[in-house]
Amino acid sequence: PAHKTIHHIFEEQVEKTPDLPALVDGDRGLTYKELNNRSNQLARGLRQKGLGAFGIGGILVDRSMEMILGILGILKTGGAYLPINPKNPVSRVGFLLEDSGARVLLTRRHLAADLEEAGRTGGLPGDTGLVILDDRSLVTGDAGNPDLEPGFVDRPAYVIYTSGSTGK
């Protein structure tokens with residue numbers, strides 16, 4: 001529906017089926033309620049790191065539960081997500097973050113080493129915060145659905161760069 005966002009539709013499903021499986025990844029799984037609670041907590045953590053309405057959050061992860069958690073968390077801040085292929089060279093990642101103005105980059109611990117080194121050597125924009133999705137300390141505190149100001153449904157949900165986006 002034109003008057004609802006992706007995450008609001010998800011939250012309606014949570015109300016209907018809170019204890020049913022929402023995600024299964026190998027031997028790990030989350031119910032709708034667990035996924036909603038964690039994405040709400042992540043959204044609050046991302047807001048503390050400066051991501052909010054109209055902001056862009058990069059997400060550089062493999063296909064995993066953390067990918068869905070990260071996307072929902074970014075959307076629940078009022079921001080848009082920027083998917084980045086983990087196979088991209090760090091220079092491409094840096095370009096995408098800088099060009100998009102991304103405030104944060106969400107990734108997983110096993111992908112972070114090169115990014116952390118690039119951040120120290122100036123290969124990533126200095127104002128982009130690195131968020132490690134495997135870090136359980138990110139998903140603590142208030143698990144209630146975050147409030148978003150009116151007019152939110154007209155904002156972008158994501159930003160996509162194609163291989164030709166740089167002109168290179």
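The values are calculated or read from the model by the stated rules, or taken from the named source; none is laboratory data. Everything numeric in this text was worked out from a predicted model, so none of it was measured. Glycine gets a Cβ as well: all are built from the backbone with ideal geometry, and neighbour counts include every protein chain shown. Note: areas computed on protein heavy atoms with side chains; ligands, DNA, RNA excluded. Shrake-Rupley method; radii C 1.70, N 1.55, O 1.52, S 1.80 Å.
Between 0 and 90 degrees, the angle of helix 6-16 with respect to the longest Cα principal axis of the chain falls at about 30 degrees. Close amide H pairs (under 5 Å, H built 1.01 Å from N) link I59 with L82, I84, L106, residues at least 5 positions away or on another chain. Fully extending the segment from L111 to T17, taken as 0.36 nm per residue of separation minus the present Cα-Cα distance, adds 30.5 nm. The solvent-accessible area of S137, taken with every protein chain present and a 1.4 Å probe, is close to 80 Å².
Solvent exposure of the chain, expressed per residue, is 53 Å² of accessible area, with all protein chains present and a 1.4 angstrom probe.
Between 0 and 90 degrees, the angle of helix 90-100 with respect to the longest Cα principal axis of the chain falls at about 60 degrees.
From the Cα gyration tensor of the stretch 2-45, with a ≥ b ≥ c the square roots of its eigenvalues, which class applies: rounded if a/c is under 1.5, or else prolate if a/b is larger than b/c, or else oblate?
oblate
The residue among P21, G70, G50 whose Cα reaches farthest toward the positive pole of the charge dipole of the stretch 1-73, with charges on the beta-carbon of Lys, Arg, Asp and Glu, is G50.
Does the stretch 4-80 come out rounded, prolate or oblate, given a ≥ b ≥ c as the square roots of the eigenvalues of its C-alpha gyration tensor, rounded meaning a/c under 1.5 and, failing that, prolate meaning a/b above b/c? Each step should come with its number before you reach the end.
Numbers: a/c = 2.14, a/b = 1.37, b/c = 1.56.
Oblate shape, in that a/c is at least 1.5 and b/c is the bigger or equal ratio.
Our note on the geometry: Cα centres of the stretch 13-31 and the stretch 48-76, 19 Å apart. Between helix 109-120 and the chain there is an angle of about 40 degrees, using the helix long axis and the longest principal axis of the Cα atoms.
Quick check: residue separation of Q48 and I160 times 0.36 nm, minus the Cα distance between them. What number comes out in nm?
Values: separation 112, 0.36 × 112 = 40.32 nm, distance 2.47 nm.
That works out to 37.8 nm of additional length.
For the options L35, L148, L46, a Gaussian network treatment of the chain with springs between C-alpha atoms closer than 10 Å singles out L148 as fluctuating the most. Evaluated with a Cβ-only charge set (Lys, Arg +1; Asp, Glu -1), the stretch 22-147 carries a dipole of roughly 180 debye about its Cα centre, given to the nearest 20. Structure note, pairs K4/K49; K4/K33; K16/K76; K4/K76: Cα-Cα distances above 21 angstrom occur for K4/K49. Taking every Cα-Cα distance in the chain and sorting them into 5 Å bins from zero, the calculated P(r) comes out as 2, 9, 18, 21, 21, 15, 9, 5, 1, 0 percent.
With all protein chains present, how much of the accessible area of the chain (probe radius 1.4 Å) comes from carbon and sulfur, to the nearest whole percent?
Values: 4520 of 8960 Å².
Carbon-and-sulfur percentage of accessible area, whole number: 50.
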